[in-house]
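Working notes, structure below.
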Amino acid sequence: MGSGSYSRAVYACLSKERGYDTSTADEVFANKRLSALADIKTSNVHARTYNTNIKKEMINVGVRESRDSQEHPETTPIIIALDVTGSMRRTPHEMIRNNFPKLMDALMQLGIKDPQLLFMAVGDHEYDRYPIQVGQFESDTEKIVNSLQEFVLEGGGNYGESYLMAHIVAGYHTETDSWFKRHKKGYMFTIGDEPTLLSIDGASLEDFMGYQKPANPITAKEAIEKAQEQYNVFHIHITNGG
């Protein structure tokens, strides 16, 4: 994870090979079973080294890592959390079909050093089976695209989505060398057309995050403040969605 680099030529080949321009969202995101990659509770998370100021019920849930390397000595971690419910179901399709290459071109033009992207899919913890799906920090074109395409698209059901779960993952379950070694914040963007749900109960955290019982509830305010320790946090509100 984290090795390789972005290539527009590689993306163009993948797009043509997989039919991103000619396939519907349901055809592109045909996987109806949550992949191990996207499950924050699996062994694809790593043991903690720096991000240890956490609640006791989180101790067995590790972190996604953005690490410096010889290939990428000054990584810039970037998290993009996409609402994948209801009217926003097309957003991951637009990202993988059009906006991902534009995003990477923009990062290069801005001179962002060694970008490592982690995509999340956000749902509704009160209604969905998979209210939070989490990729890995990647630099390689195909690995980033693969992490996007593995997400399951669901429905949601009330006035609000679980953007706070993305902030919980970013704040409590990532470690970035950019922050812990160089004290430079990364960037986090949530993208959606609803307000965030204002809190998540302990039982949902146990079910969806693998927290030990009894887990305490977490508010949206607490979650975003924790995410802001490592990231510059933004929300892009879509006005032509729902």
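Annotations
- Test for Glu175: is it touching an Asp or Glu at 6+ places or on another chain (Cβ under 9 Å), within 17 Å of Val84 (Cβ to Cβ) and surrounded by 15 or more Cβ atoms within 10 Å (Cβ to Cβ): no
- So Ala38, is it open to solvent by less than 60 Å² (accessible area, probe 1.4 Å), under 21 Å from Ala227 (Cα atoms) and at pLDDT below 85: yes
- Any hit, the range 186-201, residues being among the hydroxyl-bearing types (Ser, Thr, Tyr) and more than 13 Å from the chain's Cα centre (by Cα): yes
- Residue match in the range 129-140 (condition: touching a strand residue (DSSP E or B) at 6+ places or on another chain (Cβ under 9 Å) and open to solvent by 20 Å² or more (accessible area, probe 1.4 Å)): yes
- Checking each residue in the range 192-242 for being surrounded by 16 or more Cβ atoms within 10 Å (Cβ to Cβ), among the β-branched types (Val, Ile, Thr) and free of Cβ contacts under 8 Å to residues at least 60 places away in the same chain picks out Thr196, Ile218.
- Candidates Ser147, Ser178, Ser199, Ser139, filtered to the one that is over 25 Å from Tyr6 (Cα atoms) and either modelled with pLDDT of 95 or more or in contact with a Phe, Trp or Tyr (Cβ under 8 Å, 6 or more places away or on another chain) (or both): Ser199
- Residues of the range 51-76 classified as in contact with a Ser or Thr (Cβ under 9 Å, 6 or more places away or on another chain) and open to solvent by less than 90 Å² (accessible area, probe 1.4 Å), total: 13
- Comparison of Ala106, Ala121 shows that the only residue that is over 15 Å from Tyr6 (Cα atoms) and either open to solvent by 30 Å² or more (accessible area, probe 1.4 Å) or not in a loop (DSSP other than H, G, I, E, B) (or both) is Ala121.
- Failed item in (1) outside any loop (DSSP other than H, G, I, E, B); (2) farther than 22 Å from Gly171 by Cα; (3) open to solvent by less than 40 Å² (accessible area, probe 1.4 Å), with Ser87 passing the rest: (3)
- Taking the criterion of being surrounded by fewer than 19 Cβ atoms within 10 Å (Cβ to Cβ) and out of contact with any Ser or Thr (no Cβ under 7 Å at 6 or more places or on another chain), the residues of the range 153-172 that qualify are Gly157, Asn158, Tyr159.
- Among the residues of the range 90-103, those identified as of a type in the set (A, V, I, L, M) and surrounded by fewer than 24 Cβ atoms within 10 Å (Cβ to Cβ) are Met95, Leu103.
- The requirement of being modelled with pLDDT of 85 or more, within 15 Å of the chain's Cα centre (by Cα), outside any strand (DSSP E or B) and closer than 23 Å to Ile236 by Cβ is satisfied by Ile96.
- Pairs linking a residue in the range 166-180 that is in a helix (DSSP H, G or I) to a residue that is among the acidic types (Asp, Glu), with Cβ atoms under 6 Å and 6 or more positions apart or on different chains, are Asp177/Asp68.
The values are calculated or read from the model by the stated rules, or taken from the named source; none is laboratory data. Everything quoted here is computed from the prediction, not taken from an experiment. Ideal geometry is used to build each Cβ from the backbone, glycine not excepted, and the neighbour counts take in all protein chains shown. Areas reflect the complete protein model, heavy atoms only, side chains present, ligands, DNA and RNA absent. Shrake-Rupley method; radii C 1.70, N 1.55, O 1.52, S 1.80 Å.
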